[in-house]
Amino acid sequence: MEGYTTETEQLQALKKWWDQNAKWVIGGLLSAAIVVGGWKFWGYWQGKRAAEAASLYAAVIQAEGQGSNAAIDAAAKKVLHAYPNTAYGALSGLALAKSQFAQQHLSDAIDTLQGVIKHSPDAGLTIIARIRIARIQLQRDNAKEALDILKGYEKGAFAPTVQSLRGDAFLQLGETEAARNAFEQGLKASEPSSGLHRLLSLRLASLPEKVTPAVSPASATTAPKPTTPASAAKAGGQS
């Protein structure tokens, strides 16, 4: 999914691709598996499983389009029960967690997203799950837990989103300078034309100005005077 810098853009791209290619994917997988039959029965079986998972995931997409949390939950759980270790399982897990979040079942949503992290074969979907857990933890004022789940993912395609969340977490902890650094790193990694870039700019502008420590009058008067050739000679004559 190169070229997409936020989890929302990646998921939208996946769903758009699915809407355009679903029937060809399902039909193609079955046809290809059947064509290579005989001694390649394993390949046929794998292809059949992939087609079944794809077909079940289509019901998740349909339920999301209808906006029914009950339908999303039921359809997603079917995919997760039968095919948890597939990309379709991961996408269904993300859909289920989103539905659970909308219903304020936050602990259930975190558990579902942890399952995506554990089972997803796609690294990008795993990072999306981490980002969503971090958002939930921030909503629950668990800034340290949010930072922990994002640790090690500060760079890469998701860096702008990760750094934005890290900045929010640091602000919750009262660490303004750490938040400033995170927002600055996210700003550098984001596309100038993106909404996230503008948001990070606003977040930075809202922070208090960095305070430069000033030299106090007392420290200035007690500071040692520089040694001059004349004073050095005088001191030598007195010794």
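So the values come out like this:
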{"read-out": "Computed label-point distance, nm, for sites N181 and A123 using a 7 Å Cα→Cβ extension", "value": "2.5 nm"}
{"read-out": "Burial order of peptide ranges 137-149, 89-101, 119-131 (average beta-carbon count within 10 Å, highest first)", "value": "89-101, 119-131, 137-149"}
{"read-out": "For R132, solvent-accessible area (1.4 Å; no DNA, RNA or ligand), Å²", "value": "50 Å²"}
{"read-out": "Set K98/K144; K77/K118; K118/K188; K155/K210 screened for pairs whose C-alpha atoms are more than 20 Å apart", "value": "K98/K144; K118/K188; K155/K210"}
{"read-out": "Lys, Arg +1 and Asp, Glu -1 on Cβ, resulting dipole of region 53-147 about Cα centre, debye, nearest 20", "value": "120 debye"}
{"read-out": "Projected label distance in nm at S68 and Q103, using a 7 Å step from Cα toward the beta-carbon", "value": "1.4 nm"}
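The values are calculated or read from the model by the stated rules, or taken from the named source; none is laboratory data. Predicted model, so just to flag it, every value in this text is computed and none were measured. A quick note on method: Cβ atoms are made from the backbone with ideal geometry, for glycine too, and the neighbour counts reach across all protein chains shown. Accessible surface is based on the protein model in full, side chains and every heavy atom, while ligands, DNA and RNA are left aside. Shrake-Rupley method; radii C 1.70, N 1.55, O 1.52, S 1.80 Å.
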